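Taking it in order: structure first as structure tokens, then the write-up.
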């Protein structure tokens, strides 16, 4: 258990409404990621963060924004949800040994979002 | 365009058999190739990983074979068990785990 908590775990919303997913970690990791998982596509990177207020886009960032105002929280926001954003969203942190990053990602248990 | 192509989409293997999942990549700058295992309702978890300076890595019943010239790598699960039934993802990155690019996944079912 890498101390990652995602909330909410399940959400149903309507097209056009804003949605925020939260990822909380307890182990002070520098790197945090948001992925979405869809059948036939595996996991695709939406955004990632390499420190407080330091974020960058992934391969499927359109329609999403992120914020990281403190080390432990990484928020993913859908400003105006669309049906194509129905997915399972995973937060991940990059492991480290002391000050050295490892290659291993630790994933949360996912947030299932349905946009009607 | 998928940077990492994974096959097959699904696989059924008898208990005790060998499960083989293949991946191919295009970007020669990739330098880290992990495999992740995911059980239903859970997030993926690292199973085994390899860097391109070796052609094979074995951990217990799990082996990665890596062919740099062919830009392919594969996961072999020896003596497959029903508990190995899960979805397996290959992945690659240029920055040792940062910005991992995943394959589409393989659903493995091991029949007892």
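Every number here is computed from the coordinates shown, using simple stated rules; none is lab data. Please read all numbers here as calculations on a predicted model, not as lab measurements. Virtual Cβ from ideal backbone geometry, glycine too; neighbours counted across all protein chains shown.
Indicate the gyration tensor shape class of chain B (rounded, prolate or oblate), computed on the Cα atoms with a ≥ b ≥ c the square roots of the eigenvalues: a/c under 1.5 is rounded; otherwise a/b larger than b/c is prolate and the rest oblate. Because a/c hits 1.5 or more and a/b exceeds b/c, chain B counts as prolate. With the cut-off at under 15 Å, measuring from each backbone N in region B:83-109 to a point 7 Å along the Cα-to-Cβ line of residue B:51 picks out B:93-98.
Return the average number of partner chain Cβ atoms within 10 angstrom of each residue Cβ along peptide A:107-116. Provide the component values of the computation, followed by the final result.
Details: counts 7, 2, 3, 5, 0, 1, 0, 0, 0, 0.
Whole-number average of other-chain Cβ neighbours for A:107-116 is 2.
A straight line joining the Cα centroids of region A:19-54 and region B:61-112 runs 22 Å. What the Cα atoms of the protein assembly as shown give is an Rg and a Dmax of 17.6, 51 Å. Here is the size of region B:1-40 from its Cα atoms: Rg then Dmax, 12.9, 37 Å. Across peptide B:37-45, the average count of Cβ atoms from other chains found within 10 Å of a residue's Cβ is 5. Spin-label model, residue B:111/residue B:12: points 7 Å from Cα along the beta carbon direction are separated by 0.5 nm.
Short-range pairs are left out: with C-alpha atoms under 8 Å and at least six residues apart, the relative contact order of chain A is 34 percent.
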